[in-house]
1. Amide H of Tyr32 versus every other amide H placed in the peptide plane: which residues, excluding those fewer than 5 positions away on the same chain, fall under 5 Å?
2. Show that you can apply the helix-only estimate: for the chain, add -39,500 (n - 2.57) for every DSSP H stretch of four or more residues, divide by all residues, and state [θ] at 222 nm to the nearest 500.
3. Give me the one-decimal nm value for the distance between modelled label points at Gln197 and Ala52, 7 Å along each residue's Cα-to-Cβ direction.
4. Run the numbers on the range 60-219 and let me know its relative contact order in percent, using alpha-carbon pairs under 8 Å that are six or more apart.
5. For the range 160-219, what does the convex hull of the Cα positions come to per residue, in cubic angstrom?
6. On full extension of the chain, what length is gained from Phe210 through Arg21, given 0.36 nm per residue of separation minus the C-alpha to C-alpha distance?
7. Taking only Cα atoms of the range 138-188, what ratio of Rg to Rh do you get with Rh as the Kirkwood inverse-distance radius?
8. Holding the Cα-Cα limit at 19 Å, pick out from Lys29/Lys94; Lys40/Lys94; Lys94/Lys216 the pairs that are longer than that.
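What follows draws every value from the coordinates through simple rules; no lab data is involved. Remember, it's a predicted structure, so these values are computed and weren't measured experimentally. Virtual Cβ from ideal backbone geometry, glycine too; neighbours counted across all protein chains shown.
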Amino acid sequence: MLSYSQLGGLLRKMNRLQSLRKFWNVWRKGEYLGDAVILKVAAFGGFQPSEATRKALASLPRRPPDFSGYNFSAFAPGTLGSEYAAFMHRNRLKVFRFSGQYQDLLEQHFFAVWYAAVHDLVHVLTGFETTWAGEGGVWGFVAGQKLSPAADRAMTGAKLFYPVFNVGGSRTIRRSVEAGYQMGLNAQSIASLDFHQEISKPVAEIRQRFAIVAFKESL
């Protein structure tokens, strides 16, 4: 007969498997990629916020970080919305869309889902592209911001393993990671940034307020 702890462990495994199946089905359909992120985090786990990040996020509206409903062509050039749309188009990426069906799981894993949804907006604010060096730079920025205790490990992993996939790019990757880290240290925490409110504002203004010196500007 199973003990209570064994039964609890079995139920957790069953819930993870159920989330994994749902994740695969949602991801295949491709309509609600935000839901797929929630289900993936529920199945595999995700980054936990630092205490400072948790407090900063508590001041933001508790809603899905869904930017799919915006008419990005209506945003003026130079705004966060316009630059974000150009970034997504240039890199053939899709904006995460949420159905609202998994609000309970979103509440449980809010930080991990929030960061996944704003990750490309962080690229825009920091100036890093989606190259191996650019992704390393963003991890450096997140580590410098102290958004999560796991961010330092992710940054170290970027330094060690990204050059394996980009032979000859080790120096560029290291430089980007280190630049991102310093940028994150010097900037105000983006955990207090309400991206929905900022989406129509000039990127230059947001960077100035949050003391973010974009990578291309800091070379």
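1. Result for Tyr32 returns nothing.
2. Values: 12 runs with 141 residues, N = 219.
Taking each H run of at least 4 residues, the total per residue is -20000 deg cm²/dmol.
3. Spacing of the two 7 Å Cα→Cβ label points: 2.0 nm.
4. Working: 202 pairs, mean separation 44.0, N = 160.
Result for the range 60-219 is 28 percent.
5. Numbers: hull volume 7.0 nm³, N = 60.
Convex hull volume per residue, Cα atoms: 117 Å³.
6. Working: separation 189, 0.36 × 189 = 68.04 nm, distance 4.00 nm.
Additional length available on full extension: 64.0 nm.
7. Details: Rg = 10.7 Å, Rh = 10.7 Å.
Here Rg/Rh amounts to 1.00.
8. On the way: Lys29/Lys94 13 Å; Lys40/Lys94 17 Å; Lys94/Lys216 24 Å.
From Lys29/Lys94; Lys40/Lys94; Lys94/Lys216, over 19 Å: Lys94/Lys216.
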